[in-house]
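Worksheet: one structure, shown below.
The values are calculated or read from the model by the stated rules, or taken from the named source; none is laboratory data. These numbers were taken from a predicted model, which means no experiment stands behind them. Ideal geometry is used to build each Cβ from the backbone, glycine not excepted, and the neighbour counts take in all protein chains shown. Keep in mind that these areas ignore ligands, DNA and RNA; they rest on the heavy atoms of the full protein, side chains included. Shrake-Rupley method; radii C 1.70, N 1.55, O 1.52, S 1.80 Å.
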Amino acid sequence: MSDILDKAQALIKCKECPWYKNCLTPMQISAEDVGQFRTMMNGANMPEQVKNDLDRFIEGTAASGQNMLLQSCPVFTQRLKESPRLAQRIKDLMLNWGSEEEEG
């Protein structure tokens, strides 16, 4: 009986999450976000060369971050932390991505 209650509670928790049906999304860093960093840098008392280097670093980090990072909902993150088997199943799925198509 407690198993059924746990599943119902998990479903409710998931549906109440603001990320519902959108558990993972690629990191989105907009020009506006980068602009906010630039605005903060303008207020800092730094040599111009340091500001330029930092500006290039921020742009590079933003570009690579969008290709490498994911945002995940808190429920998904919690479930991965609590269930090593779930994390392993997802890892196995990724390692075997496309192999089902070749077999079928």
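Among the residues of segment 65-74, is any in a helix (DSSP H, G or I) and modelled with pLDDT of 85 or more? It would help to see each step written out before you state the result.
Looking only at segment 65-74, we keep the residues that are in a helix (DSSP H, G or I), and these are 65-68, 74.
Within this subset, residues satisfying the condition of being modelled with pLDDT of 85 or more are 74.
Scanning segment 65-74 turns up at least one residue that is in a helix (DSSP H, G or I) and modelled with pLDDT of 85 or more.
Can you tell me which residue is nearest to Trp19 (Cα to Cα) among those in segment 45-91 that are open to solvent by less than 100 Å² (accessible area, probe 1.4 Å), in contact with a Leu (Cβ under 9 Å, 6 or more places away or on another chain) and among the hydrophobic types (A, V, I, L, M, F, W, C)?
Ranking the qualifying residues of segment 45-91, first place goes to Cys73.
In segment 6-23, which residues are touching a helix residue (DSSP H, G or I) at 6+ places or on another chain (Cβ under 7 Å) and free of Cβ contacts under 8 Å to residues at least 60 places away in the same chain? Before you say what the answer is, go through the steps one by one.
Of all residues in segment 6-23, those touching a helix residue (DSSP H, G or I) at 6+ places or on another chain (Cβ under 7 Å) come to 13-14, 17, 20, 23.
Correct list: Cys17, Tyr20, Cys23.
How about segment 20-39: which of its residues are in contact with a strand residue (DSSP E or B) (Cβ under 8 Å, 6 or more places away or on another chain), over 30 Å from Asn52 (Cβ atoms) and assigned to a loop (DSSP other than H, G, I, E, B)?
Cys23
In segment 31-44, how many residues are exposed (fewer than 13 other Cβ atoms within 10 Å of the Cβ) and hydrophobic (A, V, I, L, M, F, W, C)?
Narrowing segment 31-44 to residues exposed (fewer than 13 other Cβ atoms within 10 Å of the Cβ): 31-33, 35-36, 39-40, 42-44.
Right, trim to hydrophobic (A, V, I, L, M, F, W, C) and you get 31, 40, 44.
Total meeting the criteria: 3.
Tell me which residues, restricted to segment 42-62, are of a type outside the set (Ser, Thr, Tyr), assigned to a helix (DSSP H, G or I) and without any contact (Cβ under 8 Å) to a residue 12 or more places away in the chain.
Here is the first cut: in segment 42-62, the residues of a type outside the set (Ser, Thr, Tyr) are 42-60, 62.
Pick out the ones that are also assigned to a helix (DSSP H, G or I) and you get 42-43, 48-60, 62.
Asn42, Gly43, Glu48, Gln49, Val50, Lys51, Asn52, Asp53, Arg56, Phe57, Gly60, listed by residue number.
Among the residues of segment 92-104 satisfying the criterion of being in a helix (DSSP H, G or I) and either open to solvent by less than 80 Å² (accessible area, probe 1.4 Å) or under 25 Å from Pro18 (Cβ atoms) (or both), which is modelled with the highest pLDDT?
Once the filter is applied, the top-ranked residue is Asp92.
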